[in-house]
1. On the basis of being surrounded by 18 or more Cβ atoms within 10 Å (Cβ to Cβ), in contact with a helix residue (DSSP H, G or I) (Cβ under 7 Å, 6 or more places away or on another chain) and closer than 24 Å to residue 209 by Cα, does residue 45 make the cut?
2. Those residues that are in contact with a helix residue (DSSP H, G or I) (Cβ under 7 Å, 6 or more places away or on another chain) and under 24 Å from residue 394 (Cβ atoms), I need them from the stretch 224-257; list them, please.
3. Being surrounded by fewer than 17 Cβ atoms within 10 Å (Cβ to Cβ) and at pLDDT below 95 is the filter; apply it to the stretch 292-302 and report the residue that is farthest from residue 372 (Cα to Cα).
4. Surrounded by fewer than 15 Cβ atoms within 10 Å (Cβ to Cβ) and either over 12 Å from residue 322 (Cβ atoms) or modelled with pLDDT of 95 or more (or both), is that true of residue 270?
5. So which residues in the stretch 187-246 are more than 29 Å from the chain's Cα centre (by Cα) and modelled with pLDDT under 80, if there are any at all?
6. Take the conditions free of Cβ contacts under 8 Å to residues at least 60 places away in the same chain and surrounded by 16 or more Cβ atoms within 10 Å (Cβ to Cβ) and apply them to residue 351. Does it pass?
7. What residue, of 390, 376, 394, 357, is surrounded by fewer than 19 Cβ atoms within 10 Å (Cβ to Cβ), in the same structural domain as residue 275 (by TED's automatic domain parsing), within 30 Å of residue 254 (Cα to Cα) and more than 22 Å from the chain's Cα centre (by Cα)?
8. Quick check on this structure: which one of 39, 52 is in contact with a helix residue (DSSP H, G or I) (Cβ under 8 Å, 6 or more places away or on another chain), buried (at least 16 other Cβ atoms within 10 Å of the Cβ) and modelled with pLDDT under 90?
């Protein structure tokens, strides 16, 4: 018999860990090759981990809700001798490799400097915080820079663990610029009722893991960025008329439904090319000017939660390509079939609050980006129409664009000019054009 180590597979360039949400197979169960063994969730999407071999599950190394790093062994599968695939064999660690790893660990241990004396600090740190800092090799200087969320600004266990998570991401990304705050691009499970009040009135519902993450990301974004908004009203009558005219022919020729979203996304991509300082990220005191224009498309799921798939290189797509990308990502988001890479690398986000009938909104910035645009509902309204022969009142299709931006790095002139440029592209839409 041979023992195969099932490891957490790599799920994307910037995905380093996942949480086990459910074991589909229990110890003693038979498993076929490519059969799903467990379900996992990143802070982006949910997925299954299949087995590379056939055999019997003999050990689960982690339990439900445990956090696992990419590459860690999560289960042991016993296979019949000789049946392990070549790919699986490459994953197995030989005794010599184990010995080499252990030797490397010992060499690292020998280089560790005398433990830091945290009592030298004027700040108060709990014994638990000190122990975590010592185990993770955090210096006193580093510990004193961590912002505390506890009473009187004290550093808590959660503050240290969040700092360690950021620290690890900096090391693992090497040449990539680290993100200050993990992007709130999430799929969540339905919350479950824990208990109800004794009088039969209020119902108490505990947040599930992903909802807690969303809550944390939203608060972190507000605390990180100086949010400010600009609003502009746009006349989209030409767009409405054009879509009504061509949507049937478009679907017949392209096999895709034509919504307003790709038209708006195309205008945003053009405006970002005109104003590249809106296509940036912030890391501490540094501004990272992004080379690619990758548009996040916030989508509401039936359970009320959000996910933000990303249209890569959106400025290089024509309207047909944009429509295909929007429909593909939107469809897979609703079906829960997005891959982690589908939600990575966004440089600017668009959210459609008009879907719920909202005229406009004040969305929270998707960190570490510096701007997010909310699309309001399209409404028929009376409007003053200017012509060479004079002004008159007419019925027009109008909507509001709400632009939230980070006032630390985007001033009012840039934030307002950008959303105005988006409006200009939309109002200049040619109602007589083809697709």
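1. yes
2. Answer for the stretch 224-257, where residues must be in contact with a helix residue (DSSP H, G or I) (Cβ under 7 Å, 6 or more places away or on another chain) and under 24 Å from residue 394 (Cβ atoms): 232, 234, 235, 236, 239.
3. Across the stretch 292-302, the extreme among qualifying residues is 302.
4. Here the answer is no, as residue 270 does not meet what is asked.
5. Selection gives 195, 196, 197, 198, 199, 200, 201.
6. Yes.
7. On the way: 390 fails: within 30 Å of residue 254 (Cα to Cα); 376 fails: surrounded by fewer than 19 Cβ atoms within 10 Å (Cβ to Cβ); 394 fails: within 30 Å of residue 254 (Cα to Cα).
Every option except 357 fails the conditions.
8. 52
The values are calculated or read from the model by the stated rules, or taken from the named source; none is laboratory data. Not measured: the values here are computed from a predicted model. Backbone-built Cβ (ideal geometry, glycine too); neighbour counts: all protein chains shown.
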